[in-house]
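The values are calculated or read from the model by the stated rules, or taken from the named source; none is laboratory data. Given the structure is predicted, the values throughout are model-derived calculations rather than measurements. Neighbour counts run over all protein chains shown; Cβ positions are idealised from the backbone, glycine included. Just the protein is used for accessible areas: all its heavy atoms, side chains included, with ligands, DNA and RNA removed. Shrake-Rupley method; radii C 1.70, N 1.55, O 1.52, S 1.80 Å.
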Amino acid sequence: MKTLKVALLGCGNVGSQVARILIDDAADLTSRLGARLELSGIAVRNVDAPRDVDLPAELFTTDAETLVRDADIVIELMGGIEPARTLILHALGSGAAVVTGNKALLAADGAALYEKADAAGVQLSYEAAVAGAIPILRPIRDSLSGDRITKVMGIVNGTTNYILDAMDSTGAQFADALAEAQRLGYAEADPTADVEGHDAAAKGAILASLAFHTGFDLSAVSCEGISSVTAEDISAAREAGFAIKLLAIAEKFTDTDGTEGVSVRVHPTLLPRLHPLAAVHGAFNAVFVEAENAGELMFYGQGAGGAPTASAVMGDVVTAARRLVLGGPVPAGRPSGSLPALPLEKVTTSYSIGLEVADQPGVLAAVARVFSEHGVSIETMRQTIHGEGASAELRFVTHRASEAALAATVEAIKGLDVIKNVKSVLRVEGV
């Protein structure tokens, strides 16, 4: 019986669970594959570091280069750009199939990895890079390959979803919800990558590249985090029938000048509470896909965690092993399309705008006139009075308008004497 050597790079939360599965489920995996998967070694920085899973000490090494050189399948779970990038390129060049969950590397330099894999005729798989255990990349790449995807939008960061969901259910301010997320282990001590949207942006670039068959890197993604979202924003959204979620959105559309392209963006978004994504709670993830023929599809599940993400990794490992045992074509890697990434100002969507204004006659008329002058149509308006003769709060939801028109509208509104503060500008989807 054929034996395939598997090299594991990294043994953190996910890597240790992958190692456990390879060892504990070896007999079951062999029966499925008709070949043995032999974990030949685990490359780590410190072989003596404590780990959550009890693994044989003899498997650990600091010599990642030698481990990669002798492997049939390389699993990269180190994270970061280097040395992960160099090790993956060496593995592909030596003819090994590579499975990775490295979203940052794929978003930053995926084109070089795809090119190397195609040139070597080997498989590069990365289901675990987006949405943890949720099988989303393979369905987009394979199951929907005969359709035309028009839009992908998803909750792809569990930390931010937990924070926003806690703010919605308890009325907590952002800082308090973040502190609770850190206490429970949902947020890192330095939560910047999550709360500022950088993690979601990397995943958005990967989703866009697969959905629209065109390589998009991080420079194509407009990114805005959730640190400016207040309890007042959450409360006002709830009263109006919306929930606020941090969404990664990749959308194909035609610009006013006839240019067909793709907008890739990450930002806090108002969703009607009846929308499926609005019902995603806690640290769970979900991805909503719209296609011309399939219609609307949603993929939901655990977006992080050692065992759930290890499940996605092992799915790729088994697929790669089957190909090595049985032969067959390598799945297409490098995107072949050439759609341009359209800048954010070209995007057309609805908006929610919160204003603190003077409580006096004529305010609403003055604000409405500015909207009209810039071609932005108001769909709904809600007013809250804060004490007699003090100030009032106006919350508008607009019909669809361009980002450029909205930005010009907000700047003009700021110049009105009756405006005390533009409290928030949030985009709206699903209406």
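Restricting attention to the range 70-96, the residues that are touching an Asp or Glu at 6+ places or on another chain (Cβ under 7 Å) and surrounded by 24 or more Cβ atoms within 10 Å (Cβ to Cβ) total 2. Of the strands (runs of 3 or more DSSP E) lying entirely inside the range 229-308, those carrying at least 3 residues that are within 21 Å of Leu426 (Cα to Cα) are 242-254, 260-272, 284-291. Under the condition of being more than 23 Å from the chain's Cα centre (by Cα), more than 26 Å from Leu137 (Cα to Cα) and assigned to a helix (DSSP H, G or I), the residues counted in the range 322-361 number 0. Which numbered condition trips up Ala392, out of (1) at pLDDT 90 or above; (2) open to solvent by less than 40 Å² (accessible area, probe 1.4 Å); (3) not β-branched (Val, Ile, Thr)? Of the numbered conditions (1) at pLDDT 90 or above; (2) open to solvent by less than 40 Å² (accessible area, probe 1.4 Å); (3) not β-branched (Val, Ile, Thr), the odd one out for Ala392 is (1).
Scanning the range 53-69 for residues being in a helix (DSSP H, G or I), within 25 Å of Ser94 (Cβ to Cβ) and open to solvent by 30 Å² or more (accessible area, probe 1.4 Å) gives a total of 4.
Looking across the range 150-180 at every residue that is of a type in the set (Gly, Ala, Ser) and open to solvent by 30 Å² or more (accessible area, probe 1.4 Å), the one that is nearest to His267 (Cα to Cα) is identified as Ala175.
When residues in the range 96-125 are screened for being assigned to a loop (DSSP other than H, G, I, E, B) and within 22 Å of Val221 (Cα to Cα), 2 of them pass.
Of these, Val99, Val74, which one is over 20 Å from the mean Cα position of the chain (by Cα) and at pLDDT 95 or above? When all the criteria are applied, what remains is Val74.
Kindly evaluate Val370 against the criterion of being more than 21 Å from Asp233 (Cα to Cα), more than 35 Å from the chain's Cα centre (by Cα) and buried (at least 19 other Cβ atoms within 10 Å of the Cβ). Yes.
Is it the case that Ser311 is crowded, with 18+ Cβ neighbours inside 10 Å, polar (S, T, N, Q) and closer than 30 Å to Ala128 by Cα? It is true that Ser311 is crowded, with 18+ Cβ neighbours inside 10 Å, polar (S, T, N, Q) and closer than 30 Å to Ala128 by Cα. Looking across the range 22-38, just one residue is in a strand (DSSP E or B) and open to solvent by less than 60 Å² (accessible area, probe 1.4 Å), and that is Leu37.
Residue pairs whose Cβ atoms lie under 6 Å apart, sitting 6 or more positions apart in sequence or on different chains, and linking a residue in the range 26-48 that is modelled with pLDDT of 95 or more to a partner that is among the aromatic types (Phe, Trp, Tyr), are Ile42/Phe60; Val44/Phe60. Considering the range 168-227, the qualifying helices (runs of 4 or more DSSP H), each wholly inside and each with 1 or more residues that are closer than 25 Å to Arg273 by Cβ and free of Cβ contacts under 8 Å to residues at least 12 places away in the same chain, run over 174-183. Looking across the range 110-127, the residues that are charged (D, E, K, R) and either buried (at least 17 other Cβ atoms within 10 Å of the Cβ) or in contact with a Leu (Cβ under 9 Å, 6 or more places away or on another chain) (or both) come down to Lys116, Asp118, Glu127. Evaluation of Thr259 against the conditions (1) at pLDDT 95 or above; (2) over 30 Å from Arg138 (Cβ atoms); (3) surrounded by fewer than 16 Cβ atoms within 10 Å (Cβ to Cβ) shows that the sole unmet condition is (1).
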